[in-house]
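*Asks:* What follows is a structure written as structure tokens; I'll ask about it next.
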Amino acid sequence: MADANGIGNGKPAEMAPPAKAGKKAHKEKELYPMSDWKYDAFLHTFSVLVDLFFREVHPRGAWRVPRTGPILFVAAPHANQFVDGLVLQRTLKNEAQRRVNLLIAEKSIHGFIGWGSRQVGSVPVGRAQDKAKAVSGVIYLPDPINDPTLIRGVGTNFEKEAEVGGLIFLPSAKGQSGSSVDISKIIGPEEIRIKRAFKGKLSMQQLTGRDDIDEDGSFTNKDLRGPKDGYKGTKFKIAPHIDQTEVYKAVFNRLSGGGCIGIFPEGGSHDRTELLPLKAGVAIMALGTLAENPDCGLQIIPVGMNYFHAHKFRSRAVVEFGAPFQIPNDLVEKYKNNQRRDAIGQTLDMVHQALSAVTVSAPDYDTLMCIQAARRLYNTGKKLPLPMVVELNRRLAVGFSKYKEDPRIIDLMDNVKDYNKQLHYLNIKDHQVAYARMTLPTVVVTLLYRVAKLLVLSVGVIPGLVLFAPVFAASKIISHRKAKEALAASSVKIQGRDVMATWKLLVAMAFAPVLYNLYSILLSIKVYQDHLWGYVPAWVPFWLVFIGGWVVFPAITFAALRFGEVGMDIFKSLRPLVLCISPSSGFNIQNLRERRIELSEKVVKVINDLGPDMYEDFEHTRLIADPSREDGALSSPKEAGIPEKTEPTPPDSPYLSRKNTTKSSQAIPRNESFSNIGAIGMFATRPPSRSRSRSSSSGGGFGSGGFPVSAFTTLDSSEGFNEASNKIRAAMRQRGQLRRRKSGFSSDGEASEGA
């Protein structure tokens, strides 16, 4: 059986043995069964929470999910503790009609979460980090250069507190997660040996106290063998060995039987801007299933959980499904022939590459903010659909990763950071800088109009806000408290925001019914006393008032939610309008607008300079300034009257595959309306052969099965529309000719030969 590090305990869900002649085959009872009606009822009920918390959850690429056969869904980043699982299950059920068993942390299967996980057949997983405990003493490396796997302790008792196969954890520091390594041998109470040496600068500093360490964790002074003089060591935690054999069996059986398994391979939720190292469990599941049943047809589908302010109420999300892929047979043979480390490593590389094609990853938060700002500066004057926003963010992140040492990128990032600081200083958003173009009378009229709209909307907001205020306050207080607790207990979280959305929903679910019940009781008492100041007729029964309260008070809350959403957007737009009226601040905004125009030109130039080196079709679709237009609007080279370059295209980018790239007109699906920007070919909501799917088109990258999004293609260009129009006219002419031939006339009006 496969090595069991990284996922939890549990008995397997046994497969039914083959039927024998004259005997009815029976199926042994599953430990984690999935009842279809319970699954559907649970998702239908709690999907309301998703619709309430998120303003929009946009599925993309769900048409790629096969309707039958075993599938292993690998989702990342795990940015919302329990909400991610609910969003993934809901999207798969609505878009692909597939039910999926999720792996859930064993420590979370208590209370309401445990009850809910049982309704949808989730598999509890014991994790070493959940059982890690701080122990006595400190540790250090006595000879980090010659013997980096030997660890010595001071005041420790490894023989009593540690065990072979367990894990030793180093603390996190400076926003970096601590490392962990398996224990291979216990030499004595103050000495152990680990399976492999710790890696990285932070780990080496913690274990030696030395400063002569480069970013890769290597020592520059080879003459100094031991730790720094006087260094006492670092605190640490130890986790016991967890046997995952039975859980793997349950997963193997589920996949071999044609079911679906969902896993977040990072091992836990976090609020970082980059993917965490993937756990080996996802590779063991895939390889183990194929080793036991090579002909099951297992496919792996990457799922990008892309959120915009994941912890905030009424935020947005894009759930993107990548192209399915299969594990090569040679890796399965390696796994079966005691070459598991190599097979698992290569499988994890494949999964990581697939996830990189559907997620946006940046080294830190400031870089991510600069990437998003560059995307806004590059696409001026158009409100893009969420899938395009995610795709451009991803491509810009890939470009930054490749060219981050280029002087042009360094200078551009510095300028963008400075621009973001000015926006933060004025407390306005990037899109609000455009208000500086408005004349003073227009600004005043717009401000008064929006204030009037806000006052009207407040009539629908204030009652619900007052009634639901206790829930808002409680959810905010408790979610922040839980975030602090999660941050203290984790070695990978930065601010603990990944648990906030979950606790906001849990608190609302617990407090809202209590609050509505209290209001209904108070209303009934008031009606009983004086018929609500005489407004309620005497013949109205007491019980009907109570039931009516359960209808009226939630309706008031929902109305406040909808009106408040619009009102908040209007309220946020008032500040820049007020600043435009003030002479001093108006001057600053005007300068910022001019700065934005210059910076936008610089962003476009850098992208157009570096883009051809990454994407072979960039010269055909890149954006340039149109010299024929006074406003300097962006358009394609052909539209601007500039001849296209015929330089040889560069090789494919090592980050995203471009092998399947075609012209946008070749991928325009049938039965689409071009009145919506989301219906343009590159964002087509369905491929031609799967018109029923509501998920968005395929993105570029890893093995895209459909049309990959062309790099930085402009939506201002009419080239794609002209090509589409020409094809449509040609198709209409062909259909007209066909109808005339059927009616007995050729295209020139003469009677056909067969007439």
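The values are calculated or read from the model by the stated rules, or taken from the named source; none is laboratory data. This is a predicted model, so every value here is computed, not measured. Note: ideal-geometry Cβ built from the backbone for every residue, glycine included; neighbour counts use all protein chains shown.
*Asks:* I want to confirm something. Restricting to segment 196-240 and keeping residues that are touching a Leu at 6+ places or on another chain (Cβ under 8 Å) and of a type in the set (Phe, Trp, Tyr), which single residue is modelled with the lowest pLDDT?
*Replies:* The selected residue is Phe198.
*Asks:* Something else: Mind listing just one residue for me: the one in segment 220-246 that is assigned to a strand (DSSP E or B) and not polar (S, T, N, Q) and, of those, surrounded by the fewest Cβ atoms within 10 Å (Cβ to Cβ)?
*Replies:* Here the residue is Lys237.
*Asks:* A follow-up question, please. Might you check whether a residue that is surrounded by fewer than 18 Cβ atoms within 10 Å (Cβ to Cβ), in contact with a Lys or Arg (Cβ under 7 Å, 6 or more places away or on another chain) and more than 18 Å from Ser108 (Cβ to Cβ) occurs anywhere in segment 247-259?
*Replies:* Checking segment 247-259: not a single residue is surrounded by fewer than 18 Cβ atoms within 10 Å (Cβ to Cβ), in contact with a Lys or Arg (Cβ under 7 Å, 6 or more places away or on another chain) and more than 18 Å from Ser108 (Cβ to Cβ).
*Asks:* Would you mind stating whether Val303 is at pLDDT 90 or above, crowded, with 23+ Cβ neighbours inside 10 Å and part of a loop (DSSP other than H, G, I, E, B)?
*Replies:* Judged against the criteria, Val303 is not a match.
*Asks:* State whether the residues of segment 507-519 include one that is in a helix (DSSP H, G or I), hydroxyl-bearing (Ser, Thr, Tyr) and at pLDDT 90 or above.
*Replies:* yes
*Asks:* Follow-up question, since we're still on this one. Could you please let me know if Leu331 is part of a helix (DSSP H, G or I) and free of Cβ contacts under 8 Å to residues at least 60 places away in the same chain?
*Replies:* So Leu331 passes the test.
*Asks:* From the residues in segment 342-370 that are among the hydroxyl-bearing types (Ser, Thr, Tyr) and within 25 Å of Ala323 (Cβ to Cβ), which one is surrounded by the fewest Cβ atoms within 10 Å (Cβ to Cβ)?
*Replies:* Within segment 342-370, the match that is surrounded by the fewest Cβ atoms within 10 Å (Cβ to Cβ) is Ser361.
*Asks:* Does Ala343 satisfy the condition of being more than 30 Å from Glu565 (Cβ to Cβ) and either of a type in the set (A, V, I, L, M) or touching a strand residue (DSSP E or B) at 6+ places or on another chain (Cβ under 8 Å) (or both)?
*Replies:* yes
*Asks:* Now for a different question. Considering only segment 410-449, state which residues are among the charged types (D, E, K, R) and part of a helix (DSSP H, G or I).
*Replies:* Scanning segment 410-449 gives Asp411, Asp414, Lys417, Asp418, Lys421, Asp430, Arg437.
*Asks:* Another question, then. I need the full set of residues from segment 155-211 which are of a type in the set (Asp, Glu) and in contact with a Phe, Trp or Tyr (Cβ under 9 Å, 6 or more places away or on another chain), in order please.
*Replies:* Answer for segment 155-211, where residues must be of a type in the set (Asp, Glu) and in contact with a Phe, Trp or Tyr (Cβ under 9 Å, 6 or more places away or on another chain): Glu190, Glu191.
*Asks:* Limited to segment 390-414, what total is found for residues that are surrounded by 15 or more Cβ atoms within 10 Å (Cβ to Cβ) and out of contact with any Pro (no Cβ under 9 Å at 6 or more places or on another chain)?
*Replies:* 15
*Asks:* So which residues in segment 276-294 are in a loop (DSSP other than H, G, I, E, B) and under 25 Å from the mean Cα position of the chain (by Cα)?
*Replies:* Correct list: Leu276, Pro277, Leu278, Lys279, Ala280.
*Asks:* When segment 377-413 is examined, which residues are found to be basic (Lys, Arg) and closer than 15 Å to Val606 by Cβ?
*Replies:* The answer is Arg395, Lys402, Lys404, Arg408.
*Asks:* Let me ask you something else. Considering every residue within segment 335-345, establish whether at least one is at pLDDT 85 or above and under 25 Å from Arg60 (Cβ atoms).
*Replies:* Looking for residues that are at pLDDT 85 or above and under 25 Å from Arg60 (Cβ atoms), one finds none in segment 335-345, hence no.
*Asks:* Same structure again: Which one is modelled with the lowest pLDDT among residues in segment 90-136 that are over 30 Å from Gly165 (Cβ atoms) and of a type in the set (S, T, N, Q)?
*Replies:* It comes out as Gln119.
*Asks:* Also, I was wondering about something else. Is it the case that Val461 is farther than 17 Å from Gly567 by Cα and part of a helix (DSSP H, G or I)?
*Replies:* No.
*Asks:* If I filter segment 322-332 for residues that are within 30 Å of Leu386 (Cβ to Cβ), in the same structural domain as Asp84 (by TED's automatic domain parsing), at pLDDT 90 or above and crowded, with 23+ Cβ neighbours inside 10 Å, do I get at least one hit?
*Replies:* Yes.
*Asks:* Hey, among Tyr449, Tyr435, which residue is surrounded by 15 or more Cβ atoms within 10 Å (Cβ to Cβ) and closer than 20 Å to Phe571 by Cα?
*Replies:* Residue meeting the stated conditions: Tyr435.
*Asks:* Residue by residue through segment 52-71, note down the ones that are within 20 Å of Val303 (Cα to Cα) and part of a helix (DSSP H, G or I).
*Replies:* Ala62, Trp63, Arg64
*Asks:* Which numbered condition trips up Trp539, out of (1) without any contact (Cβ under 8 Å) to a residue 40 or more places away in the chain; (2) part of a helix (DSSP H, G or I)?
*Replies:* Looking at each condition in turn, Trp539 falls short on (2).
*Asks:* Of all residues in segment 334-348, how many are in contact (Cβ under 8 Å) with a residue 60 or more places away in the chain and of a type in the set (Ser, Thr, Tyr)?
*Replies:* 1
*Asks:* Can I ask one more? Between Gly262, Gly297, which is part of a loop (DSSP other than H, G, I, E, B) and of a type outside the set (D, E, K, R)?
*Replies:* Selected residue: Gly297, the only one of Gly262, Gly297 that is part of a loop (DSSP other than H, G, I, E, B) and of a type outside the set (D, E, K, R).
*Asks:* Considering only segment 72-83, state which residues are more than 11 Å from the chain's Cα centre (by Cα) and in a strand (DSSP E or B).
*Replies:* Leu72, Phe73, Val74
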